[in-house]
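Working notes, structure below.
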Amino acid sequence: MSTKITVCKDETEIVKELCNLIEKQSNCCLEKTNEFKVGLSGGSLIKYLVNGLPSVKTDWTKWRFFFCDERLVPFDDNESTYGAYKRDFLSHVPVLENQFVVIDPTLEVEAAAADYQQKLEKHFTMGQWPKFDLLLLGVGPDGHTCSLFPGHPLLKEDKKWVAPINDSPKPPPCRVTLTLPVLNNAHCVIFCSTGNSKARTIKRILEGNEAYPLPAALVKPREGKLHWILDEGAAECLDRN
């Protein structure tokens, strides 16, 4: 695994750095295969992608979008990550709704996770951990990523691709999430984090040597690349000498 940390001065620079990395990864992948498989997260990432992806030069028809985690709410709910992409992303980036692989929010959480894994199995090799071409992740002030929270039993899940969670400490309580073995099997993972409210957490993740690491610190692609894109606020506690 190779790790690169980039500190950007403002949002414009963050968008440029993020989308340059995405363009390179997509073109590298599409030279070898016929599909570019991307795992998406919510939050401010959506805004960055809306602002930057329209300028990316790629064959959009070969992109397939998945979700690193999703809240078990209707798609028209403000908490739905896919709902946010459908509302804010599709009108700016030349892709179609059928390029997104989504959960079934009408199911109970355990069934929704199993159903979503079955959908993923149609796009990846059975009997192996799925290998995403790119995962785009965020990190919470508590160090969680996807719906993998500090101290939660799901951090030890090593059988399932997709796991249900019905006791999320951050509402809504019911979600589905990719598991750590899936995250750590990706070709490339990009974390994007901003704001000085996360600065101490970012330092723990990137510089800490803790007996019980925060979930985001456990994301270390075995054979892939790991990028962290931060603003000055998020990076203010890092040792940058």
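Every number in this text was worked out from the coordinates using simple rules, so none of it is lab data. The structure presented is a predicted model; accordingly, all values stated were derived computationally and were not measured. Backbone-built Cβ (ideal geometry, glycine too); neighbour counts: all protein chains shown.
DSSP assigns beta bridges within the chain; of those with both partners inside it, close to 25 percent run antiparallel.
Applying a threshold of 18 Å to the alpha-carbon distances of LYS62/LYS131; LYS131/LYS159; LYS122/LYS220; LYS119/LYS160; LYS32/LYS119 flags LYS122/LYS220; LYS32/LYS119 as lying beyond it. Within the same chain, lysines fewer than 8 places from LYS16 are excluded, and of the rest, those with a Cα less than 19 Å from its Cα are LYS4, LYS24, LYS47, LYS57, LYS225.
Based on alpha carbons, the Rg and Dmax found for the chain are 16.8, 51 Å. For segment 97-208, the calculated P(r) over all alpha carbon pairs, in 10 Å bins from 0 to the bin holding the longest distance, is 13, 41, 36, 10, 0 percent.
Helical content of the chain, expressed as a calculated mean residue ellipticity at 222 nm, amounts to -8000 deg cm²/dmol (DSSP H runs of 4 or more residues, -39,500 (n - 2.57) each, divided by residue number, nearest 500). Could you name the aspartates and glutamates in cross-link range of LYS198, using Cα to Cα under 17 Å and dropping any fewer than eight places away on the same chain? Straight-distance partners of LYS198: ASP10, GLU11, ASP142, GLU207, ASP231, GLU232, GLU236, ASP239.
Beyond 11 Å, how much of the Cα-Cα pair distribution for segment 33-74 remains, as a whole percent?
73 percent
Shown in residue order for segment 40-55 are the 3J(HN,Hα) couplings computed by the Karplus curve 6.51 cos²θ - 1.76 cosθ + 1.60 at θ = phi - 60°: 9, 10, x, x, 5, 4, 4, 4, 5, 5, 4, 6, x, 5, x, 8 Hz (x for Gly and Pro).
I want to verify the translational diffusion coefficient of segment 183-241 in µm²/s; compute it with Stokes-Einstein, Rh as the Kirkwood radius over Cα pairs, at 20 °C and 1.002 mPa s. Translational D for this selection: 178 µm²/s. For segment 74-122, the fraction of alpha-carbon pairs lying more than 17 Å apart is 42 percent, rounded to a whole number.
Using the average count of surrounding beta-carbon atoms within 10 Å as a protection proxy, the listed peptides 128-141, 34-47 rank, highest first, as 128-141, 34-47. Expressed in nm to one decimal, what extension gain is obtained for the pair GLU232 and LYS32 from 0.36 nm per residue of sequence separation less their Cα-Cα distance? Full-extension gain reported as 68.4 nm.
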